[in-house]
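Some notes on the structure that comes next.
The values are calculated or read from the model by the stated rules, or taken from the named source; none is laboratory data. Bear in mind the structure is a predicted one, so any value in this text is a computation, not a measurement. Cβ placement follows ideal geometry from the backbone for every residue including glycine, while neighbour counts extend to all protein chains displayed.
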Amino acid sequence: MMNFQSKKILGINGVGRIGKLTFWNQLNQKHFDGFVLNAGRKVGKKFEDMVDYLLKDSTYGSLDIFLYGYTGKTCKVEIINNEEGIFEINGVQVKVLSEARNPRDINWAKEGVQLVIDCTGKNIDPTVPADDPKGSVRGHLEAGAKKVIVSAPFKIKDKSLKMPTDCGMFVYGINHMKYNPDAHHIVSAASCTTTGLAHMIKPLLETRETAEIVTASMSTVHAATNNQNILDAMPKEGQSDLRKNRSFMNNIIPTTTGAAIALEEILPEIKQIGFMADSVRVPISTASLITLNVTFNTKLCEETGEPVISRNFINNVFKKAADGAQKDMLVFSEKQNVSSDIVGYRGAIVIEGVETHTRTGFMPVYAKTLKEHGIQCSQDINIPVTQAKIFGWYDNELGSYVNFLGKLAVYIDKNMA
């Protein structure tokens, strides 16, 4: 066990993109007093190679720049024990484990870890038993952790099974208050796109004039991820999405996203709406863009005859949210941003107000149709509907997702049962 005086030790399983950046984020927050990182395998030729990996990033620069900007100040890094994989950053102890890949074999109890964030992207089915030889998220609990946060949406492979009662999916700032420490032991922090989308649609649902959504759809123009190929590769047996085997450097790649399904768990009101979602991968390292298309039942102003829902009305909804209930989480911008402006930006979603568009039309409903449905009407009527197109930026790695995953982790730790 590491020589921690405090019990606030965070365990991180998987030190890939989200795992490493979660470590950075929590170092900056200074809520936890120490870290145990499970790499699950040896890294490089010596322990210093693992430390070097943790200190640098091709997308965000060095840990020094992340913590101190371009002030010239640097982190104090000291190797404490090569054999046990222990080092310090600015006096904060970090231990790296490299032996176990199966969660049940990671001795969190021995390391004094109560909260684990699983960033492998593999342990996402909470119905799999802890003793499954291929590994299970439940193995973390068997290994001594009290709570586990999964940095991906849950995905139950056996469709005949229901979500276990000790699980919950939460996005900080949306529904994290529903977390029950007595009931929830395995938590999903949803996905990067779901995090941004939930913060984007929440103020629309909470505003009377825009709450009556008829249909909605979204596309995310999404940065590349590590499940894509650098060069074209042969598809695996049974693989259905052949495009992900094509080179991400050379292509714009249409694909799928589970954001709409996950959004229904975060905001149950969405279940009543015919919501569709898709993703288009583009060859950049991070920063993504949601285009949200929403059709509203609307009204006409009695004085002017103009639709109540307009471009200015939609933008004011987001301005109000950015200054109020979603302050420091949703950002309203009237600048003309590009993706590089969003890299590292600490907000769940940045509304691109200059690109908001609305158009109101009329949906004809015929008297005969109404009568067939038992509604008495003597003449055909036209119902005004307004379609809105809203753009929202998010840094799908550090600025949006990891930031809000980190907020959720601190909240759960503070409310540890």
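Inspect segment 202-224 for any residue being out of contact with any strand residue (DSSP E or B) (no Cβ under 9 Å at 6 or more places or on another chain) and closer than 21 Å to LEU289 by Cβ and give the result as yes or no. For segment 202-224, residues out of contact with any strand residue (DSSP E or B) (no Cβ under 9 Å at 6 or more places or on another chain) and closer than 21 Å to LEU289 by Cβ: absent. Restricted to strands (runs of 3 or more DSSP E) entirely inside segment 43-133, those with at least 2 residues that are under 30 Å from LYS162 (Cβ atoms) are 115-118. Looking only at segment 136-146, filter to residues that are in a helix (DSSP H, G or I) and out of contact with any Lys or Arg (no Cβ under 7 Å at 6 or more places or on another chain); which one of those is farthest from GLY112 (Cα to Cα)? Looking at residues that are in a helix (DSSP H, G or I) and out of contact with any Lys or Arg (no Cβ under 7 Å at 6 or more places or on another chain), I get ARG138. If you go through segment 139-176 and keep only what is β-branched (Val, Ile, Thr) and over 23 Å from LYS7 (Cβ atoms), you end up with ILE156, THR165, VAL171, ILE174.
For LYS159, the conditions (1) modelled with pLDDT of 95 or more; (2) within 28 Å of ALA262 (Cβ to Cβ) all hold with the exception of (1). Scanning segment 257-298 for residues that are loosely packed, with under 14 Cβ neighbours inside 10 Å and either modelled with pLDDT under 90 or at positive phi (or both) yields GLN272, GLY274.
Scanning segment 299-344 for residues that are in a loop (DSSP other than H, G, I, E, B) and of a type in the set (Ser, Thr, Tyr) yields THR304, SER310.
Take the residues in segment 270-291 that are assigned to a strand (DSSP E or B) and among the small types (Gly, Ala, Ser), then tell me which one is nearest to the chain's Cα centre (by Cα). Walk me through how you get there before you give the answer.
Going through segment 270-291, the residues assigned to a strand (DSSP E or B) turn out to be 274-282, 288-291.
Those still in the list that are among the small types (Gly, Ala, Ser) too: 274, 277, 279, 288.
Values: GLY274: 22, ALA277: 15, SER279: 14, SER288: 12 Å.
Across segment 270-291, the extreme among qualifying residues is SER288.
When ILE156 is tested against (1) in contact with a Ser or Thr (Cβ under 8 Å, 6 or more places away or on another chain); (2) crowded, with 21+ Cβ neighbours inside 10 Å, only condition (2) is not met. Report yes if some residue within segment 112-119 is surrounded by fewer than 22 Cβ atoms within 10 Å (Cβ to Cβ) and either free of Cβ contacts under 8 Å to residues at least 24 places away in the same chain or under 25 Å from VAL51 (Cα atoms) (or both); otherwise report no. For segment 112-119, residues surrounded by fewer than 22 Cβ atoms within 10 Å (Cβ to Cβ) and either free of Cβ contacts under 8 Å to residues at least 24 places away in the same chain or under 25 Å from VAL51 (Cα atoms) (or both): present.
Look at segment 402-417: where a residue is modelled with pLDDT of 95 or more and a partner is charged (D, E, K, R), sitting 6+ places away or on another chain with Cβ atoms under 6 Å, you get ASN403/ARG346; ILE412/LYS147. Checking each residue in segment 173-204 for being surrounded by fewer than 21 Cβ atoms within 10 Å (Cβ to Cβ) and part of a helix (DSSP H, G or I) picks out HIS176, MET177, LYS178.
Taking the criterion of being in contact (Cβ under 8 Å) with a residue 60 or more places away in the chain, in contact with a Phe, Trp or Tyr (Cβ under 7 Å, 6 or more places away or on another chain) and surrounded by fewer than 21 Cβ atoms within 10 Å (Cβ to Cβ), would at least one residue in segment 38-53 satisfy it? Break it down stepwise before answering.
In the first step, residues of segment 38-53 are kept if they are in contact (Cβ under 8 Å) with a residue 60 or more places away in the chain; the result is 38, 40-41.
Narrowing further to those that are in contact with a Phe, Trp or Tyr (Cβ under 7 Å, 6 or more places away or on another chain): none.
No, there is no match, as no residue in segment 38-53 is in contact (Cβ under 8 Å) with a residue 60 or more places away in the chain, in contact with a Phe, Trp or Tyr (Cβ under 7 Å, 6 or more places away or on another chain) and surrounded by fewer than 21 Cβ atoms within 10 Å (Cβ to Cβ).
Taking the criterion of being over 22 Å from ASP278 (Cβ atoms) and either polar (S, T, N, Q) or within 16 Å of the chain's Cα centre (by Cα) (or both), the residues of segment 190-239 that qualify are THR207, THR210. Selection of first residues in segment 136-157 that are farther than 22 Å from ILE9 by Cβ and of second residues that are in a helix (DSSP H, G or I), restricted to Cβ pairs under 7 Å at least 6 apart or on distinct chains, gives the following pairs, ordered by first then second residue: SER136/PRO103; PRO153/THR194; PRO153/ALA262.
Residues in segment 147-172 that are assigned to a loop (DSSP other than H, G, I, E, B), under 12 Å from the mean Cα position of the chain (by Cα) and either among the hydroxyl-bearing types (Ser, Thr, Tyr) or not assigned by TED's automatic domain parsing to the domain that holds PRO103 (or both): SER151, PHE170, VAL171, TYR172.
Counting only residues that are part of a helix (DSSP H, G or I) and over 19 Å from the mean Cα position of the chain (by Cα), segment 8-27 holds 1 of them.
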